1. Can you name the condition, by its number, that Phe346 falls short on among (1) touching a Gly at 6+ places or on another chain (Cβ under 7 Å); (2) modelled with pLDDT under 95?
2. Tell me, which residue of the range 139-159 that is assigned to a loop (DSSP other than H, G, I, E, B) and modelled with pLDDT of 90 or more is farthest from Val248 (Cα to Cα)?
3. Which one of the conditions (1) polar (S, T, N, Q); (2) in contact with a Ser or Thr (Cβ under 8 Å, 6 or more places away or on another chain); (3) within 23 Å of Ala169 (Cα to Cα) does Ser267 fail to meet, given that it meets all the rest?
4. Condition test on Met299, is it more than 24 Å from Gly372 (Cβ to Cβ) and either at pLDDT below 95 or under 24 Å from the mean Cα position of the chain (by Cα) (or both)?
5. Scan the range 371-400 residue by residue and report those that are under 15 Å from the mean Cα position of the chain (by Cα) and under 17 Å from Gly85 (Cβ atoms).
6. The conditions are (1) open to solvent by 10 Å² or more (accessible area, probe 1.4 Å); (2) in contact with a helix residue (DSSP H, G or I) (Cβ under 9 Å, 6 or more places away or on another chain); (3) at pLDDT 90 or above, and Phe254 fails exactly one of them. Which is it?
7. Quick check on my filter: what residues within the range 232-252 are closer than 29 Å to Leu278 by Cβ and charged (D, E, K, R)?
8. Looking at Leu277, Leu340, which one is open to solvent by less than 60 Å² (accessible area, probe 1.4 Å), part of a strand (DSSP E or B) and not β-branched (Val, Ile, Thr)?
Amino acid sequence: MAAPAPAPAPPLRAWADLPGDVLYEILRHVQCAADRGSAALACRPWLEAFNRAAPPPPPRPRPLPWLLLPSADGSFRASCVLSGGTAHHHHLPVASHGARYFGSHDGAWLFRVFRQQGVHQLVNARTGYGYTLPAVFRPFDDVLHADIRMLILAATLSAPPGDKRCVAAGIVAYSPSPFADTTMLQGRVVFWRRGAEVALDFSPFHINPALDAEDIIYYQGVFHVLTQSENIRRYEPTLHRNGRLGQVRGLRLFITGGRTYGEAIHSRYLVESRGDLLMVVRLTLQLQSPTSRFRVFRMVPIDAAANVWHWDELHTLEGQMLFVGRCCSRAYDVNRYRGLEEGVYFLDDSSFYGIELSGGANAKTYACVDNGKWSERGVERCFTPLQEASDYSPPVWLLP
């Protein structure tokens with residue numbers, strides 16, 4: 001007796017015929033906004049299903065920063081942690097060859113400077129809209145002192161740029177002589193309002209403040225400046241009725257107890273985390289070597305009335321992801337993001353020191369390779385593709 005004929009194979013169904021509820025469940029588990037957008041554009045039925053009314057998805061956590069890596073043509077590749085560090089090839093309206101990007105603010109705002117022209121700007125990566133920033137600063141206590149040309153190395157804001165009470169603070173390099181373009185002093189901190197043509201330095205100019213500023217954060221209504229000696233100086237800005245920036249009062253917080261790290265210190269960062277202020281110390285085996293590890297400390301009071309504080313070391317990251325960069329570090333709870341683990345994400349900011357005031361034939365190159373994630377397992381080079389250097393800008397975080 002002949003065997004029964006096999007049942008015919010079911011007809012193949014096109015991906016375009018995927019039921020809307022199934023597609024919704026798939027897209028709901030894609031955390032990266034760029035990947036969700038690409039899926040929705042795969043074909044017309046998918047786009048229609050994506051736009052159909054559906055049960056509202058659960059609230060999404062804060063978007064994680066993207067790492068913008070400069071390309072040779074002046075564009076940027078955006079590497080996304082939620083996509084495993086792979087690059088999204090998106091055109092940014094603010095990408096411009098010749099501009100050095102030196103910081104970011106929430107809402108996709110980027111700080112940049114055109115070194116040849118000495119023009120500093122704050123621009124929005126989504127819209128291309130922006131503001132011009134001061135290119136000179138003036139000591140507040142010396143009315144006869146000429147304005148001093150500066151180069152902003154890192155900057156932060158007290159509020160979104162459109163807020164009428166927004167004040168900016170920056171770490172700047174400057175030339176001690178109007179005739180010297182390349183002999184730079186670094187570490188002074190200046191302040192300005194939107195639309196100001198001149199930034200103000202509230203440290204007595206005839207006294208070297210020896211701040212050696214490493215980082216600035218706006219925390220609990222006050223700018224906190226971290227120095228290379230791991231002390232904190234607080235600056236509380238005041239505004240006149242006419243909107244001009246008034247005296248910025250400074251108060252030093254004395255941090256007790258020195259420490260040795262056993263390795264070379266690459267940089268230090270300030271991060272606000274769950275209401276606390278953290279100092280993140282980045283270490284290398286020796287100077288100009290790749291990042292080896294991080295140590296994290298929480299600022300705790302010993303005698304708050306006397307402004308005496310202490311850095312208390314944390315031996316775990318307590319379930320957090322820290323993204324560190326000068327004046328733009330952020331902390332995120334890892335349990336809000338599926339598939340991710342705690343760690344410190346970092347970018348190559350080794351070119352922070354040694355910046356020249358003006359460009360020219362011997363324009364500086366910016367290292368771009370020391371990016372990655374550090375955890376208890378060590379350093380992972382999770383951002384791709386790797387790039388050795390750029391002739392116009394280091395990498396920069398984009399804070400969506």
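The values are calculated or read from the model by the stated rules, or taken from the named source; none is laboratory data. Just so it is clear, the structure is predicted and the values come from calculations on it, not from any experiment. With ideal geometry, Cβ positions are generated from the backbone for all residues, glycine too; neighbour counts draw on all protein chains shown. With ligands, DNA and RNA removed, areas are computed over all heavy atoms of the protein, side chains included. Shrake-Rupley method; radii C 1.70, N 1.55, O 1.52, S 1.80 Å.
1. Condition (2) is where Phe346 drops out.
2. Ranking the candidates gives Ala159 first.
3. Among (1) polar (S, T, N, Q); (2) in contact with a Ser or Thr (Cβ under 8 Å, 6 or more places away or on another chain); (3) within 23 Å of Ala169 (Cα to Cα), Ser267 violates only (2).
4. The answer is yes for Met299.
5. Pass one, the range 371-400, residues under 15 Å from the mean Cα position of the chain (by Cα): 371-373, 393-400.
Once the filter is applied, which keeps residues that are under 15 Å from the mean Cα position of the chain (by Cα) and under 17 Å from Gly85 (Cβ atoms), the range 371-400 yields Asn371, Gly372, Lys373, Pro395, Val396, Trp397, Leu398, Pro400.
6. That leaves (3) as the condition not met.
7. Passing the criteria: Arg233, Arg234, Glu236, Arg249, Arg252.
8. Leu277
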